[in-house]
Amino acid sequence: MFLQIDGIDGSGKSTLLNAARVWAEERRLRVVDTVVWSKENGRHPTLEDIGDADVLLTAEPTHAGIGKEIREEIIRTNTPYNARFAAEAFSLDRGVQYTRLIIPFLKAKSGHIVIQDRGLLSSLAYQPLQSETDGSESRVDIPWLLSLEGNRIALSSPPDAFIFLDIDPTTAKERLANRTEKIDDHVYNASAFQIALAERYRMPAVTEPLTSRGTRLIVMDGSETRDELSEKMKQTLTLLI
């Protein structure tokens with residue numbers, strides 16, 4: 001089972017991921033968080049590194065190699081990189097993680113589960129919008145994004161389901177204002193960008209590349225309380241797996 005979680009910043013992705021961890025641990029499944037592993041080891045894990053894990057928690061961009069450069073350099077505010085440059089970096093980072101870990105892990109043993117924070121859906125929503133606002137003449141559209149090799153790899157192994165957290169951008173902004181443990185300085189954090197982004201996620205053209213390949217779209221109300229979202233996530237995992 002391959003499940004991705006997506007939505008604008010402040011929509012509740014971390015709450016769902018934490019609930020997924022609890023759900024797995026309650027069932028005595030061995031969980032490996034690749035974000036924590038990469039931060040501690042400075043590289044991407046391999047199948048050998050994660051041993052007999054049953055569940056992988058992953059994220060995009062990753063926290064090693066290209067993904068680390070994306071987070072710390074490419075999408076920072078006031079950097080010179082345009083949407084096309086960012087899209088190519090995201091695609092490369094995605095292709096590495098899929099090739100090195102996600103696809104081999106899912107094929108290694110029946111019952112393996114990957115739960116990921118963001119994925120191809122983010123690129124399909126973010127980069128075309130970024131290209132309309134970054135002043136570059138090189139526009140990004142969905143057909144071009146789908147032609148990039150890393151994204152082609154992702155399409156070859158689409159998630160079984162993705163959860164989209166639908167939330168009013170104003171509510172999400174209020175949550176982010178109270179966030180002290182994670183403060184980003186990214187080009188995507190501007191209020192106007194997040195408002196426009198919320199609409200992008202609702203466009204059929206953004207979700208169609210995955211739903212047309214069998215990915216199930218699950219919409220959750222991101223404005224619900226943390227406890228409500230956690231319970232819905234556990235219920236969803238129980239139904240899916």
With +1 on each Lys and Arg Cβ and -1 on each Asp and Glu Cβ, and nothing else charged, work out how big the dipole of the chain is about its Cα centre, in Debye to the nearest 20.
500
Taking a ≥ b ≥ c as the square roots of the Cα gyration tensor eigenvalues, with a/c under 1.5 meaning rounded and otherwise prolate when a/b beats b/c, else oblate, which class fits the stretch 1-68?
oblate
The stretch 1-99, accessible surface, carbon-and-sulfur percent (1.4 angstrom probe)
48
Leaving out ligands and nucleic acids, and using a 1.4 Å probe, what accessible area per residue does the stretch 1-85 come to in Å²?
45
Does the stretch 120-241 come out rounded, prolate or oblate by the C-alpha gyration tensor, with a ≥ b ≥ c the root eigenvalues, rounded set by a/c under 1.5 and, if not, prolate when a/b is larger than b/c and oblate if not?
oblate
What does the helix-only formula give at 222 nm for the chain: each DSSP H stretch with n ≥ 4 adding -39500 (n - 2.57), the total divided by the residues, and the result rounded to the nearest 500 deg cm²/dmol?
-14500 deg cm²/dmol
Packing-based ranking, highest mean first, of 120-128, 163-171 given that Cβ atoms within 10 Å are counted:
120-128, 163-171
Taking only complete DSSP H runs, can you tell me which helices of the chain stretch 24 Å or more along their own long axis by Cα positions and average at least -1.0 on the Kyte-Doolittle scale?
none
What shape does the stretch 175-241 take by its C-alpha gyration tensor, where a ≥ b ≥ c are the square roots of the eigenvalues and a/c under 1.5 counts as rounded, a/b above b/c as prolate, and the rest as oblate?
oblate
For the stretch 149-241, with all protein chains present and a 1.4 Å probe, just round the carbon and sulfur fraction of the accessible area to a whole percent.
51
Given 190-199, 56-65, the highest-first ranking by average Cβ count within 10 Å works out to 56-65, 190-199
Positive-end residue of Val36, Met1, Tyr201, charge dipole of the chain with Cβ unit charges:
Met1
Using the Cβ atoms and a cut-off under 15 Å, what net charge is assigned to the surroundings of Leu155, where Lys and Arg are +1 and Asp and Glu are -1?
-1
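The values are calculated or read from the model by the stated rules, or taken from the named source; none is laboratory data. Bear in mind that the values here come from a model prediction, so they are computed numbers and not experimental data. Glycine gets a Cβ as well: all are built from the backbone with ideal geometry, and neighbour counts include every protein chain shown. Surface areas here come from the heavy atoms of the whole protein model, side chains and all, with no ligands, DNA or RNA. Shrake-Rupley method; radii C 1.70, N 1.55, O 1.52, S 1.80 Å.
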